[in-house]
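The values are calculated or read from the model by the stated rules, or taken from the named source; none is laboratory data. Remember, it's a predicted structure, so these values are computed and weren't measured experimentally. Virtual Cβ from ideal backbone geometry, glycine too; neighbours counted across all protein chains shown.
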């Protein structure tokens with residue numbers, strides 16, 4: 001009964017406003033690393049130049065170690081947090097625990113036994129090139145070892161850099177680069193993983209009514225099992241979309257978007273044997289957010305693949321197999337409770353389509369604005 005009493009107290013005592021947590025973005029159907037068209041402080045992990053639009057605040061994300069493969073997800077959130085120093089000539093943010101999801105995915109594809117980027121330190125800063133053009137940069141670094149588990153010497157190193165610019169009120173251009181991505185020791189001491197120069201290049205054009213955006217992401221990696229031949233992993237993702245955000249009031253908005261995604265992933269399963277998977281999808285989405293009381297904001301979204309919604313898989317020596325991507329409809333919702341300068345964000349937990357009252361919020365974050 002204590003959890004219900006605490007919830008009731010929080011609903012009575014709250015007031016204020018702020019943004020900047022994964023739960024908010026996920027409830028609006030966006031990636032936790034940022035959005036191409038929704039304003040949020042986490043956009044600094046997408047375009048570091050967005051640091052010029054961030055006020056002073058402290059952000060905390062509830063979590064633990066994530067899943068067994070170190071993947072951060074709504075059901076298995078990872079702890080992280082950081083401090084934004086606010087708007088000035090050189091704004092900056094210092095963040096702890098924001099691991100690179102792409103690097104983790106690639107290493108898990110090679111072997112889930114490789115160490116992943118962990119205890120990551122991230123620093124983002126901005127510099128104004130002129131009154132109209134604002135630059136931003138970010139760096140992330142991780143280095144870990146484990147000589148205890150399973151009697152295998154494991155180590156990993158990861159370093160990345162981000163750069164972006166706000167060109168007046170119309171254009172945003174940014175990119176991410178993996179400078180160093182290596183891991184040693186998985187099932188055996190001699191297992192090696194070497195990631196190539198992963199890159200992501202993107203741009204956004206802010207039309208009077210729509211935000212038009214595009215992205216190209218590409219990365220290659222090489223996995224060498226101990227005493228065996230190297231296996232290659234490669235992927236390329238192309239995204240193009242358009243979105244409109246209608247401001248219903250100073251504290252409420254509705255958005256809708258259409259987005260084309262095409263991905264090609266090729267993985268060697270043995271020397272001279274590979275599996276290539278191509279997926280093409282047009283995604284439509286709608287969402288809304290509004291402050292319904294001075295202490296409470298609600299938000300939700302729905303999205304689905306339509307028209308083009310196909311995946312094709314081909315393994316060396318066999319014909320390709322095509323099928324539609326099933327069950328693409330996704331609904332998410334969440335709330336924010338305001339306590340003066342504090343704000344508590346949460347995304348709802350559901351069980352079989354019903355609200356899970358025993359564990360009402362699956363991902364929780366808190367911000368303090370000052």
Could you tell me which of the residues 49, 15 is buried (at least 21 other Cβ atoms within 10 Å of the Cβ) and either at pLDDT below 95 or within 18 Å of the chain's Cα centre (by Cα) (or both)? 49
Looking for something part of a loop (DSSP other than H, G, I, E, B) and surrounded by 15 or more Cβ atoms within 10 Å (Cβ to Cβ) - is there at least one such residue anywhere in region 161-180? no
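Inspect region 127-135 for any residue being closer than 22 Å to residue 79 by Cβ and assigned to a strand (DSSP E or B) and give the result as yes or no.
No, there is no match, as no residue in region 127-135 is closer than 22 Å to residue 79 by Cβ and assigned to a strand (DSSP E or B).
Would you be able to tell me the number of residues in region 42-58 that are closer than 16 Å to residue 30 by Cβ and in contact (Cβ under 8 Å) with a residue 60 or more places away in the chain?
As a first pass, look at region 42-58 and keep what is closer than 16 Å to residue 30 by Cβ: 42-47, 50.
Add one more test, that the residue is in contact (Cβ under 8 Å) with a residue 60 or more places away in the chain, and what stays is 44-47, 50.
Summing the residues that are closer than 16 Å to residue 30 by Cβ and in contact (Cβ under 8 Å) with a residue 60 or more places away in the chain in region 42-58 gives 5.
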Single match in 117, 91 (criterion: touching a helix residue (DSSP H, G or I) at 6+ places or on another chain (Cβ under 9 Å), surrounded by 18 or more Cβ atoms within 10 Å (Cβ to Cβ), farther than 24 Å from residue 234 by Cα and in contact (Cβ under 8 Å) with a residue 12 or more places away in the chain): 91
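Based on what the data block shows, is residue 345 more than 18 Å from residue 27 (Cβ to Cβ), at pLDDT 80 or above and part of a strand (DSSP E or B)? Reasoning before the result, please.
On the way: more than 18 Å from residue 27 (Cβ to Cβ): no; at pLDDT 80 or above: yes; part of a strand (DSSP E or B): yes.
The answer is no for residue 345.
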Take region 63-76 and flag every residue that is under 16 Å from the mean Cα position of the chain (by Cα) and either closer than 12 Å to residue 93 by Cβ or part of a strand (DSSP E or B) (or both). 63
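Taking into account only those residues within region 245-254 that are surrounded by fewer than 15 Cβ atoms within 10 Å (Cβ to Cβ) and free of Cβ contacts under 8 Å to residues at least 40 places away in the same chain, which is nearest to residue 268 (Cα to Cα)?
The initial filter retains those residues of region 245-254 that are surrounded by fewer than 15 Cβ atoms within 10 Å (Cβ to Cβ), namely 246-251, 254.
From what is left, the residues that are free of Cβ contacts under 8 Å to residues at least 40 places away in the same chain are 246-247, 250, 254.
Working: 246: 46, 247: 48, 250: 52, 254: 44 Å.
Ranking the candidates gives 254 first.
Does region 226-233 contain any residue that is within 27 Å of residue 162 (Cβ to Cβ), assigned to a strand (DSSP E or B) and touching a residue at least 24 places away in the same chain (Cβ under 8 Å)?
The initial filter retains those residues of region 226-233 that are within 27 Å of residue 162 (Cβ to Cβ), namely 232-233.
Checking which are assigned to a strand (DSSP E or B) leaves us with 232-233.
In the following step, the residues that additionally are touching a residue at least 24 places away in the same chain (Cβ under 8 Å) were identified as 232-233.
Yes, region 226-233 has at least one match.
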Filter region 269-296 down to residues that are in contact with a helix residue (DSSP H, G or I) (Cβ under 9 Å, 6 or more places away or on another chain) and either crowded, with 17+ Cβ neighbours inside 10 Å or not in a strand (DSSP E or B) (or both) and give me whichever is modelled with the lowest pLDDT. 295
Residues located in region 197-224, provided they are surrounded by 15 or more Cβ atoms within 10 Å (Cβ to Cβ), part of a loop (DSSP other than H, G, I, E, B) and without any contact (Cβ under 8 Å) to a residue 60 or more places away in the chain: 210
